[in-house]
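Notes for the one structure printed next.
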Amino acid sequence: MRLRVRAGTARQEDALLPAEVPVALSYNGTTQAVMMATPANLTDFALGFSLSEGIARPDDIRDIEAVTGEDGIDLRIWLKDEAGNRLLARRRTMTGPVGCGLCGLDSLAEARRPLDPVPASPLRLGHHDIAGAMAALTQHQPLHDATRAVHAAGFWQQGKGLICVREDVGRHNALDKLIGALVGAGTVTPGAPVTGAVVLTSRISLDMVQKCAALGAPAILAVSAPTLAAVEAAEVADITLVALARSEGFDLYTHPGRISIDAALPPDAEASDVR
């Protein structure tokens with residue numbers, strides 16, 4: 001129940017709010033991270049988090065189970081022997097606690113770990129594609145429509161439109177759930193060319209770019225702005241970064257060759273010039 005005050009009047013009404021619960025991501029019985037998350041699409045979350053944080057690929061995972069307790073949900077991920085041994089060796093060098101966004105890192109340097117370029121993709125986007133992808137995302141957010149309190153991440157392909165969307169109270173969680181849904185369904189195969197763009201309702205930070213790079217996504221379209229570190233990472237990873245995307249236009253930061261725009265760029269324009 002809430003008291004809604006508008007134009008000098010007040011009335012009580014029911015309010016639908018999104019659930020936010022602690023979700024522990026545990027590997028072979030040991031907790032790697034605890035995230036505040038929307039308790040939905042948890043298998044997608046486990047798959048996506050494992051891949052985007054460099055812990056395990058989908059074929060490294062033997063089983064996933066979600067166990068609900070009084071304090072939250074324990075998302076138990078059981079790894080095959082080789083992957084479990086790799087994670088155990090990694091844990092021996094961990095120096096601090098984990099948290100949202102950059103989880104389970106071994107060192108400060110790992111926070112800005114070098115990114116390999118994503119696989120070459122034939123993806124090409126026009127202004128109408130970008131506007132259409134952003135408009136489609138706003139139309140496929142039922143939890144946001146009901147609560148106005150969650151983020152969304154979607155995957156858009158030419159000729160198909162928006163083929164998958166995940167929502168969560170956390171922007172990182174929404175992206176991890178999307179990644180998990182795509183790899184779990186076989187829509188995207190890690191290491192293979194990806195012919196689609198990730199579409200976000202949030203700002204673009206370094207860790208969001210790192211997660212998209214783990215997926216192999218050649219383009220990120222977002223309603224908000226990027227950080228400097230995100231732009232630098234997208235440049236290195238060969239990811240086209242489009243921000244502040246609206247029906248009337250967008251800001252293009254990196255790798256403009258995938259984008260068709262009305263006014264041609266100067267022949268010697270560098271990606272860093274496209275701001």
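What to note about this one:
- Nonlocal amide H pairs with GLY126, under 5 Å, H built at 1.01 Å: SER260
- A cut-off under 9 angstrom between Cβ atoms defines the neighbours of ARG166, and their net charge, with Lys, Arg +1 and Asp, Glu -1, is -3.
- Stretch gain in nm, segment ASP59-THR195, where the contour uses 0.36 nm per residue and the Cα spacing is subtracted: 46.8 nm
- Entry note, the stretch 132-181: relative contact order of 32 percent, from Cα contacts under 8 Å with a spacing of 6+ residues.
- Max mean-square fluctuation residue, GNM over the chain, Cα-Cα springs under 10 Å, options ALA152, ALA234, ALA83: ALA83
- In terms of accessible area, using a 1.4 Å probe and ignoring ligands and nucleic acids, HIS128, HIS144 rank largest first as HIS128, HIS144.
- Taking the 1.4 Å solvent-accessible surface of the chain as the whole, the part contributed by carbon and sulfur is 52%.
- Placing dummy labels 7 Å off each Cα toward the beta-carbon, the span from ALA136 to ARG203 is 2.8 nm.
- Counting only heavy atoms of the protein chains and using a 1.4 Å probe, ARG11 has close to 130 Å² of accessible surface.
- In this view, the solvent-accessible surface of GLU82, computed with a 1.4 Å probe and all protein chains in place, comes to about 140 Å².
- Accessible area (Å², per residue) of the chain, counting only protein heavy atoms and a probe of 1.4 Å: 48 Å²
- Alpha carbon convex hull of the stretch 124-275, projected area averaged over orientations, nm²: 8.5 nm²
- Amide H contacts under 5 Å for ALA56, placed H, 5+ residues apart: LEU51
- In terms of accessible area, using a 1.4 Å probe and ignoring ligands and nucleic acids, ARG62, ARG91, ARG124, ARG246 rank largest first as ARG62, ARG124, ARG246, ARG91.
- For LYS80, a cut-off of 24 angstrom between C-alpha atoms picks up these lysines, skipping any fewer than 8 places away in its own chain: LYS177, LYS211.
- Under a Gaussian network description of the chain, with springs only between Cα atoms under 10 Å, the residue in ASP71, ASP116, ASP145 that fluctuates furthest is ASP71.
- Cα-based reach from LYS160 at 16 Å (exclusive), listing aspartates and glutamates while leaving out same-chain residues under 8 positions away: ASP129
- Within a Gaussian network of the chain (alpha carbon springs, distance under 10 Å), most fluctuating of ASP238, ASP59, ASP74: ASP59
- For the stretch 209-221, 3J(HN,Hα) computed residue by residue from phi via the Karplus equation (6.51, -1.76, 1.60; θ = phi - 60°) reads 5, 4, 5, 5, 5, 4, 6, x, 5, x, 8, 10, 10 Hz, glycine and proline entered as x.
- Protection proxy ranking for 132-140, 35-43, using the average of other Cβ atoms within 10 Å per residue and placing the highest first: 35-43, 132-140.
- The phi torsions of the stretch 113-126, fed into the Karplus equation with coefficients 6.51, -1.76 and 1.60 and a -60° offset, translate into couplings of 4, x, 10, 7, x, 5, x, 4, 10, x, 4, 9, 10, x Hz, rounded to whole numbers, with Gly and Pro shown as x.
- Table column - 3J(HN,Hα) (Hz), the stretch 64-72, Karplus curve with 6.51, -1.76, 1.60, x for Gly and Pro: 9, 9, 10, 10, 8, x, 5, 8, x
- Overall, the ratio between the Cα radius of gyration of the chain and 2.2 N^0.38 Å, rounded to two decimals, is 1.05.
The values are calculated or read from the model by the stated rules, or taken from the named source; none is laboratory data. What you see is a predicted model, and the numbers here were worked out from it, not measured in a lab. Every residue, glycine among them, receives a Cβ derived from its backbone with ideal geometry; neighbour counts consider all protein chains shown. When the accessible area is computed, the model is the full protein with side chains, heavy atoms only, and any ligands, DNA or RNA have been set aside. Shrake-Rupley method; radii C 1.70, N 1.55, O 1.52, S 1.80 Å.
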